[in-house]
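The values are calculated or read from the model by the stated rules, or taken from the named source; none is laboratory data. Here the structure is a predicted model, which means the values were calculated and not measured. So basically every Cβ, Gly included, is an ideal-geometry build from the backbone, and we count neighbours across all protein chains shown.
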């Protein structure tokens, strides 16, 4: 019997897919609206991609917060654990005309449906790229020297 696929497994698979496509990603990015993304990626052109990971049917059916991410990215994807039925994502409430779909396990991922592009306003893009870049650098600094984390709030 194999272990169930976790959100970390799906994130790993999606990051492998993104790396092959030249995108860089960071997990758990807080947004200015109080939400936190599962994965946020940036492509070579500075486009921002947000990925919401789901590993169970209950988690997928219970998600009502995902529309709050759409104002902060150029493209939005669902990433489902392989074996999870994606049929619900074809219903109107999940905006299949604009949201993309990725199916992943810990070893890789496949884009099943591309996300539509909805370009961020230039001022918001600049602010978000700066915020995400600083967050990534802060995490790198703390990884190299954990004592830096004392008193440092993420955001």
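Can you find, within the stretch 79-123, the residue that is surrounded by the most Cβ atoms within 10 Å (Cβ to Cβ) among those that are part of a helix (DSSP H, G or I) and within 17 Å of the chain's Cα centre (by Cα)? Outline the logic, then answer.
Narrowing the stretch 79-123 to residues part of a helix (DSSP H, G or I): 87-90, 92-94, 122-123.
Going one step further and asking which of them are within 17 Å of the chain's Cα centre (by Cα), we end up with 89, 94.
Numbers: 89: 20, 94: 18.
This residue is 89.
Can you go through 106, 113, 138 and tell me which one is touching a strand residue (DSSP E or B) at 6+ places or on another chain (Cβ under 6 Å) and within 24 Å of residue 12 (Cβ to Cβ)?
Numbers: 106 fails: touching a strand residue (DSSP E or B) at 6+ places or on another chain (Cβ under 6 Å); 138 fails: touching a strand residue (DSSP E or B) at 6+ places or on another chain (Cβ under 6 Å).
Among 106, 113, 138, only 113 is touching a strand residue (DSSP E or B) at 6+ places or on another chain (Cβ under 6 Å) and within 24 Å of residue 12 (Cβ to Cβ).
Within the stretch 33-48, is even one residue within 13 Å of the chain's Cα centre (by Cα), modelled with pLDDT of 95 or more and on the phi > 0 side of the Ramachandran plot?
no
Which pairs do you get when a residue that is free of Cβ contacts under 8 Å to residues at least 12 places away in the same chain, found in the stretch 35-56, comes within reach of a residue that is part of a strand (DSSP E or B), reach meaning Cβ atoms under 8 angstrom, with the pair 6+ apart or on two chains?
36/28; 36/29; 36/30
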